[in-house]
Amino acid sequence: MAYVTPESEALPLDAPAEPGALEAEHSSRDVRQRWFLSLPSILIIFFFAAGPLSVMLLYSFLTPGNYSGVKWEFSTDAWSSILMQRDIFDDTLQWADAHLSIFWRSLSLSMITTALTLIFGLPTAWFISTRPPGRRELWLFLMTVPSWTNLLVRTIAVQEMIRAEGVINNVLVFVGIVDEPVQMMFTNFAIGLGMTYVYLPLMVLPIYAAVEKLDKRLLEACYDLYASRWQAFYRVILPLVKPGIIAGSILVFVPCLGAYVVPRVLGGGKNLMFGNLIELQFGAGRNWPLGASLSFTLMVIVMVALIFYIRVTSQERKDG
Amino acid sequence: MAERAPFSVQTIPGFAAIAIFTFVAIYTPLVILVAFSFNAGDSLAIWEGFSLKWYYRAAANEQVQSAAIRSLYLAGISASVATVAATMAALATTRTRHFPGKTMIYALINQPLMIPEIVTAVALLIVFAWVKVATGHTSMIYLIAAHTAFCIPFAYLPIRARLETMDDTLEKAAADLYAGRWQVFRRITLPMMMPGIIAGLMLAFVISMDDVVITEFVKSAGQDTLPTYMLGQLRRVVTPEINAISTVVVFAGAFLVTIFFWVSSNRR
């Protein structure tokens, strides 16, 4: 799951012991009890989330079956065909252009989405944190409510806005800006817009946390020393909010890379992203090993990004 | 922030305008989606008068009925099991010094949050396809298992957060008064944890109800939940019926999340 709730950021990976820890005795019996209590969660997640990943890795080294599934023959084709494909005529290896264009779409749309959520998210976070103390929670609540409504429903809401016979086109035609509806659905634009819409709160919340911590007296000092608004923003605000921006960027970038629902609904059959390419291998593509190797690749990329995220946020905790 | 600075210092030109635009942009599509669920006509963009007919139609649609019941059943069982498991794990991993394996337990519990859903979905598809062929068994148990697994971290986080803010004075007092360990747990610890447990249950329930990707990959034929049913319908001509279903889903979810916020903000 690419969700990371606000709570999870506040939790260090390894919480320091609290001074009032209930029992100080650390007999092996206590440790055994603690393991025993954790056992149901451990087993459920091991069997139904973490463990299957190793089976997936195994499958990526097998040969695709004739109809679906796999044949138990070792092969590294699934890994090489992520980037290369064998020419059917002269058997030479060539770049897999179809895959590369999908990777490029995933990467570029994720970056554009991250940039857009930053452009809208930073001012929004700033705005929320400068409300009077009693109102802040309400604004924050208003920001988070949509992010808790069903992702699919939010995607459908975007779809209904940008359809050829949707609200935006109706208004554009009515006002006379365009003569006939603009094709927005099933384009890269639609995917980028949809992802910006659904993942925006993931950018706002960490930036808000950083802005909240920013000592506003620094701004006073800054203006007392004749800084211009731009200088205050660029030299004081931006550096202090930077950890929040980095955290938010990773929180948005990661689910964008693995997005499946938004590109499926708004991008249609032609504008695939990484997640849809993976799904294709289990449907029409009938290449489970390739699906497994692609999926594993995505996982590794995301893990690297998240490790970076954890390092940034724990650094921030140390500094703060 | 010790003092409130004068307002002008905190103003950055244009930021308020962008923020207001953002809030309007966030709510407009949802408001329109809800509004057109009450449309008398077939259009999703041209208002033809108020009517509840799409709600009646959705309620009378047998596929919607069975998908809704299946979603509730799945979320009910998965969230409950996940909450019990998460409560136990939270008790085990909080209010203690470091013990061997604590980091590992914590990492494993949070694992479903770290991995893109599509990856977990594919891994489960592979494993369950194999189990389904081997056993010939295709009940809801696969969906329940998958949902329980990814609900655990969502149930765990608020319970853990609650436990960490609880001080142990009352528990110590009870123990001093010769309460047994079970009595202390049953009479003191559990009631004090309750807001966290309820919040965790709500969150897990909402997360399970909303899941599309893992459900889409794990479900057998005829096991559509509400979100996968809606996803399937999008390939056809879309009528305001989908808006009516969405509206119910949005308000049910918003209701649960409001309870979640209310319970977790009342904890201090």
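Bear in mind these aren't lab numbers, they're just calculated from the coordinates by the rules spelled out. Remember, predicted model here, so these are calculated numbers, not experimental data. Please note: Cβ atoms are built from the backbone with ideal geometry, for glycine as well, and neighbour counts cover all protein chains shown.
Brief remarks follow.
- Estimated purely from DSSP H runs of n ≥ 4, each contributing -39500 (n - 2.57), the mean residue ellipticity at 222 nm for chain A is -20500 deg cm²/dmol once divided by its residues.
- Among A:39-45, A:200-206, the peptide with the highest mean count of other Cβ atoms within 10 Å heads the list, and the full ranking is A:200-206, A:39-45.
- Under the combined filter of DSSP loop state and at most 11 neighbouring Cβ atoms within 10 Å, the range A:55-93 retains these chymotrypsin sites (Phe, Trp or Tyr not before Pro): A:Y67, A:W72, A:F74, A:F89.
- Highest-MSF residue in chain B out of B:M192, B:M114, B:M166 [GNM, Cα springs under 10 Å]: B:M114
- Packing, as the average of other Cβ atoms within 10 Å across residues, places the peptides A:239-248, A:122-131, B:143-152 in the order B:143-152, A:122-131, A:239-248, highest first.
- At an R0 of 60 angstrom, the distance between the Cβ atoms of A:S28 and A:I119 translates into a FRET efficiency of 0.65.
- Among A:P289, A:P181, A:P133, the residue with the largest mean-square fluctuation in a Gaussian network model of chain A, with springs joining Cα atoms closer than 10 Å, is A:P133.
- Counting neighbouring Cβ atoms within 10 Å and putting the fewest first, the residues A:S228, A:S147, B:S208, A:S106 line up as A:S228, A:S147, A:S106, B:S208.
- Between 0 and 90 degrees, the angle of helix B:117-135 with respect to the longest Cα principal axis of chain B falls at about 90 degrees.
- Of B:I245, B:I259, the sequence from fewest to most neighbouring Cβ atoms within 10 angstrom is B:I259, B:I245.
- Extension gain for A:I177 to A:L218 (0.36 nm times residue separation, less C-alpha to C-alpha distance): 10.1 nm.
- Cα gyration tensor shape of the protein assembly as shown, rounded if a/c is under 1.5, else prolate or oblate by comparing a/b with b/c: rounded
- For chain B, built as a Gaussian network whose Cα springs stay under 10 Å, the top-fluctuating residue of B:D176, B:D210, B:D168: B:D176
- Per-residue average of Cβ from other chains inside 10 Å of A:277-289: 2
- Peptide B:81-91 is shielded by partner chain Cβ atoms: per residue, an average of 4 of them sit within 10 Å of its Cβ.
- Helices meeting the span-like rule in chain A (full DSSP H runs, Cα extent of at least 18 Å along the helix axis, mean Kyte-Doolittle score of 0.0 or higher): A:28-45, A:97-129, A:133-148, A:188-213, A:238-257, A:288-319.
- Point-to-point label distance, A:S68-B:V31, nm (Cα→Cβ direction, 7 Å offset): 4.4 nm
- Dividing the mean sequence gap of close Cα pairs (under 8 Å, 6+ apart) by how many residues chain B holds gives a relative contact order of 30 percent.
- Neighbour count of at most 16 Cβ within 10 Å plus DSSP loop: longest GluC sites (Glu not before Pro)-free window in chain A: A:166-320
- Peptide A:118-125, shielding by other chains (average Cβ, 10 Å cutoff): 5
- For chain B, the 222 nm mean residue ellipticity estimated from helices alone, with every DSSP H stretch of n ≥ 4 adding -39500 (n - 2.57) and the total spread over all residues, rounds to -24000 deg cm²/dmol.
- Pair B:V237, A:N188: separation of 7 Å Cα→Cβ label points (nm): 3.4 nm
- Relative contact order (%) - criterion: Cα under 8 Å, at least six apart; region: chain A: 24 percent
- Local electrostatic count at A:F48 - Lys and Arg +1, Asp and Glu -1, tallied over other residues with Cβ under 15 Å: 0
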